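The values are calculated or read from the model by the stated rules, or taken from the named source; none is laboratory data. Because the structure is a prediction, the values reported are computed rather than measured. Positions of Cβ are generated from backbone atoms using ideal geometry, with glycine treated the same way; all protein chains shown enter the neighbour counts. Calculation scope for accessible area: heavy atoms of the full protein, side chains included, ligands and nucleic acids excluded. Shrake-Rupley method; radii C 1.70, N 1.55, O 1.52, S 1.80 Å.
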4 protein chains.
Amino acid sequence: MTTGRRGRARSEQARHAILTATATLLAASGYEQLSVDRIATTAGVGKQTVYRWWPSKSAVIAECLLDGYVLSDLIEPAKSGDARSDVLSWLRALVDFLDDPKNAALFRALAAAASENREVSDRLYQRFSGPLHTSLVECLRAGVRTGRIRDDAPVRAVADVLIGAVLHRALAHIDIPLGTADGIVDALFSGIAVADREAHRSR
Amino acid sequence: MTTGRRGRARSEQARHAILTATATLLAASGYEQLSVDRIATTAGVGKQTVYRWWPSKSAVIAECLLDGYVLSDLIEPAKSGDARSDVLSWLRALVDFLDDPKNAALFRALAAAASENREVSDRLYQRFSGPLHTSLVECLRAGVRTGRIRDDAPVRAVADVLIGAVLHRALAHIDIPLGTADGIVDALFSGIAVADREAHRSR
Amino acid sequence: MTTGRRGRARSEQARHAILTATATLLAASGYEQLSVDRIATTAGVGKQTVYRWWPSKSAVIAECLLDGYVLSDLIEPAKSGDARSDVLSWLRALVDFLDDPKNAALFRALAAAASENREVSDRLYQRFSGPLHTSLVECLRAGVRTGRIRDDAPVRAVADVLIGAVLHRALAHIDIPLGTADGIVDALFSGIAVADREAHRSR
Amino acid sequence: MTTGRRGRARSEQARHAILTATATLLAASGYEQLSVDRIATTAGVGKQTVYRWWPSKSAVIAECLLDGYVLSDLIEPAKSGDARSDVLSWLRALVDFLDDPKNAALFRALAAAASENREVSDRLYQRFSGPLHTSLVECLRAGVRTGRIRDDAPVRAVADVLIGAVLHRALAHIDIPLGTADGIVDALFSGIAVADREAHRSR
DNA sequence: CTGTAATCGAGACGGTACGTCCTGTCTTGCG
DNA sequence: CGCAAGACAGGACGTACCGTCTCGATTACAG
């Protein structure tokens, strides 16, 4: 049984060195300063070896993301059963993470890459937004099961909203006050309308 | 009496040509493809004329934003008095706008520019997110005044959330179903919690 | 009894394909365009198979020369006994050969290879200039024996001159008029001096 | 009165630095080691400035030749009136020049460039072979006028022959014995045929 | 008939140079 | 002095080639 492919196999060592170098340089000097030349030199690799496997700088970053060379520990909501407090503490953790300018800069670099490049955005989504979305949806559905969340709640839209609110501020270079997290969760869970609540109460 | 400056005055024609060319190229080919050389050539202008008045490519984009060469017509919520329907129709209009791939591409190009450059993000905020945020906050406060929205509602956070949710999907190249707008508004106004509402009422 | 070597024998087919491909590419695109990669691909052979048997591109060309893959039919002077007409018709044939741009291009490619590489020039000499020189010298000496050529004629220098004159024009991309051959032979056989001949006689 | 051209004028300083660097590197390390990158770095010039004015490395060398950055002092025949001795001493000087391996290597490098590149060969001819050819032809025609050379001598072919003979040996990495020069001149002036001489003697 | 060893096509590897493009500055001559 | 034109130094891009190094698949002699 063979792979059917001939010739020298791809060097896992080179791949690792490239991704490591990319993550290191990205963290150290940012996206603007990142060049394929520098990646190759730092990794001790020929430039062609980079281009053989990735079509662009962005694609390398995308793979760094997918393989956990950057942002390795995904911040996920806990699952204590209390959906509201789970979501709240997740959101606070995220805001806290982005409070570090280093993390915010990396985050923006990734967003820039994603904006320009379909592949990066796909990978980014596949690795982060997607699982996070799923995770949040599950968290909310658990809340539905325990009777704390309306069973007709638009959980997917809510999950989008939670992620997007943070993204927006991060991209806009706007510092996110910790209170924001509380406000968001309050609004989403309790609602901001008066009339609606009355309507529901009348059941 | 003169301005005190001697020699030929700054050419308004050149300035206009540069900003127009920048907007056109940005919409057509994205941020990464944009170069000062190309801007100057397209505008029929010397490169130095660009650098004489703007310190960088980003600054030109920033001025494009400020002067309405891109995204000229800001989509603002109506002010019918019914905050909920005003917000809903605004959100639907925004989603509809981004449904056109051309608009989505321009949007992403701006996001990329903003991610990489503080100045662009400032101007973007100053011209769009800011006014929009203000506008939404006002809209929500009007709802408070008419008694349709809780007077302790975290209106600023809600405005953030509304903008961010759309941004997230646009950046991620995710098609936004029109129903999303309804879900978001529903969640924000009515809340998704069951027990919380009771708790709030009992206060 | 065997060769004593174990393992798979060298593939004569591969060797032939490589030399053929080299000759073809050299004639078609010149020395500068010739690469080992292209040779191997054209020959349907692994690159290592080239490097296993030849240390360099130049060495392959050298072997092409030695084995008659290029310039296989050496143009030699006839030996009718009349040295002057033998040399003349040889020179005319050579000029005629180089009149074909294809031949001239191959000729220049070989000259380029020889200029840059000692080995190629050695083989080129060993296979062509050398035998030609010898051949011409013999032809001239035959003329001496038949009494048509001075017995103190510097036959080696004359042979050099005959070859070099053509080479010069070919390398310089100068079209060689057929009359050139006649002029050269005339000059070499009859001499161009008037007084000198008297002087020689009186010695 | 103007040139009609706008924009910054070509920098003579840059041109000079490039040609100087090329000549220096060519003499120091040979044609193989010569790279545009190195030329630019050595000259303290952007690589684009090289490519703006010359299409290739060869073309730069060609201009070095034309402008006397290499081989600055063309070896020309003297004009004492005695054509035979003028030609002979010129040929001896040339052979002597090529006796230095450094000069021979440069000579071959130029020949290689000329073989591959039409433009180089044109310039080389324009600067060297051409003037030399003219010079030799004049020298020989002076000989005709003084009655030392036959008035029907094929002077152009003779000039070709004189240049080519040396070129041949230089390209082939063959050391040229000094005696060769004498042999060539002897053959060309006195002729090698016996019959011809007898015919002349019979007057 | 079964190793063992050298070959084969294929193709990835670390490097070097290529020729192009872009940035931000500088220099022309015209208006 | 502004302007269009365009050359300048510098530096990254993505490609081509060099010569080396694995791969798995033959092939041929040795035991």
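Residue check: D:Arg145 meets all listed conditions (1) modelled with pLDDT under 80; (2) open to solvent by 20 Å² or more (accessible area, probe 1.4 Å); (3) more than 7 Å from chain C (Cβ to nearest Cβ) but one, namely (1). Taken together, the residues in region B:22-52 that are more than 22 Å from A:Ser58 (Cα to Cα) and more than 11 Å from DNA strand F (Cβ to nearest atom) amount to 5.
Checking the conditions here, which among C:Arg84, C:Arg8 is under 30 Å from C:Ser190 (Cα atoms), open to solvent by 70 Å² or more (accessible area, probe 1.4 Å), over 20 Å from the mean Cα position of the chain (by Cα) and among the basic types (Lys, Arg)?
C:Arg84
For every residue, the table says whether it meets (1) farther than 21 Å from B:Leu110 by Cα; (2) open to solvent by 40 Å² or more (accessible area, probe 1.4 Å); (3) more than 9 Å from every other protein chain (Cβ to nearest Cβ).
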residue	(1), (2), (3)
B:Arg123	no, yes, yes
B:Pro154	yes, no, no
B:Ala159	no, no, yes
B:Leu167	no, no, no
B:Ala172	no, no, no
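Would region B:132-139 turn up any residue that is free of Cβ contacts under 8 Å to residues at least 60 places away in the same chain, surrounded by fewer than 18 Cβ atoms within 10 Å (Cβ to Cβ) and hydrophobic (A, V, I, L, M, F, W, C)? Scanning region B:132-139 turns up at least one residue that is free of Cβ contacts under 8 Å to residues at least 60 places away in the same chain, surrounded by fewer than 18 Cβ atoms within 10 Å (Cβ to Cβ) and hydrophobic (A, V, I, L, M, F, W, C). Is it the case that D:Ser35 is assigned by TED's automatic domain parsing to the domain that holds D:Ala17 and in contact (Cβ under 8 Å) with a residue 40 or more places away in the chain? Considered against the rule, which asks whether it is assigned by TED's automatic domain parsing to the domain that holds D:Ala17 and in contact (Cβ under 8 Å) with a residue 40 or more places away in the chain, D:Ser35 comes out as no. For B:Phe128, the criteria (1) without any contact (Cβ under 8 Å) to a residue 12 or more places away in the chain; (2) more than 8 Å from chain A (Cβ to nearest Cβ) hold in every case but one, which is (1). Scanning region A:174-192 for residues that are hydrophobic (A, V, I, L, M, F, W, C), more than 7 Å from every other protein chain (Cβ to nearest Cβ) and in a helix (DSSP H, G or I) turns up A:Leu178, A:Ala181, A:Val185. Per the listing A:Ala43, A:Ala62, A:Ala14, the residue uniquely in contact with a Leu (Cβ under 8 Å, 6 or more places away or on another chain), open to solvent by less than 60 Å² (accessible area, probe 1.4 Å) and either near DNA strand E (Cβ under 9 Å from one of its atoms) or outside the structural domain of A:Glu116 (by TED's automatic domain parsing) (or both) is A:Ala62. Checked against the criterion of being at positive phi and modelled with pLDDT under 80, region A:85-102 contains not a single residue that satisfies it. Among residues of region B:79-111 being of a type in the set (Ser, Thr, Tyr) and part of a helix (DSSP H, G or I), the one that is farthest from B:Leu178 (Cα to Cα) is B:Ser85. Out of all the residues in region B:102-124, is one or more over 21 Å from A:Ala170 (Cα atoms) and either touching a residue at least 60 places away in the same chain (Cβ under 8 Å) or under 14 Å from the mean Cα position of the chain (by Cα) (or both)? Yes, region B:102-124 contains a residue that is over 21 Å from A:Ala170 (Cα atoms) and either touching a residue at least 60 places away in the same chain (Cβ under 8 Å) or under 14 Å from the mean Cα position of the chain (by Cα) (or both). Candidates are the residues of region C:174-200 that are touching a His at 6+ places or on another chain (Cβ under 9 Å) and open to solvent by 30 Å² or more (accessible area, probe 1.4 Å); the one that is modelled with the lowest pLDDT is C:Glu198. A:Ser80 satisfies every condition listed in (1) more than 14 Å from chain B (Cβ to nearest Cβ); (2) within 15 Å of DNA strand E (Cβ to nearest atom) except (2). With respect to (1) of a type in the set (Val, Ile, Thr); (2) more than 20 Å from C:Val120 (Cα to Cα); (3) in contact with a Cys (Cβ under 6 Å, 6 or more places away or on another chain), the lone exception for C:Thr42 is condition (3).
Does any residue of region A:97-119 turn out to be within 20 Å of A:Thr20 (Cα to Cα), within 16 Å of DNA strand E (Cβ to nearest atom) and surrounded by fewer than 16 Cβ atoms within 10 Å (Cβ to Cβ)? No; the residues of region A:97-119 include none that is within 20 Å of A:Thr20 (Cα to Cα), within 16 Å of DNA strand E (Cβ to nearest atom) and surrounded by fewer than 16 Cβ atoms within 10 Å (Cβ to Cβ).
In region D:25-37, the residue that is surrounded by the fewest Cβ atoms within 10 Å (Cβ to Cβ) out of those that are away from every other protein chain (no Cβ under 14 Å) and out of contact with any Leu (no Cβ under 6 Å at 6 or more places or on another chain) is D:Ala28.
Of everything listed in (1) outside any helix (DSSP H, G or I); (2) away from chain C (no Cβ under 11 Å), the single unmet condition for D:Val137 is (1).
Quick check on region C:151-167. Is at least one of its residues of a type outside the set (A, V, I, L, M, F, W, C) and over 26 Å from D:Ala157 (Cβ atoms)?
So in region C:151-167, the residues of a type outside the set (A, V, I, L, M, F, W, C) come out as C:151-152, C:154, C:156, C:160, C:164.
Next, only the ones that are over 26 Å from D:Ala157 (Cβ atoms) stay: none.
Within region C:151-167, none of the residues are of a type outside the set (A, V, I, L, M, F, W, C) and over 26 Å from D:Ala157 (Cβ atoms).
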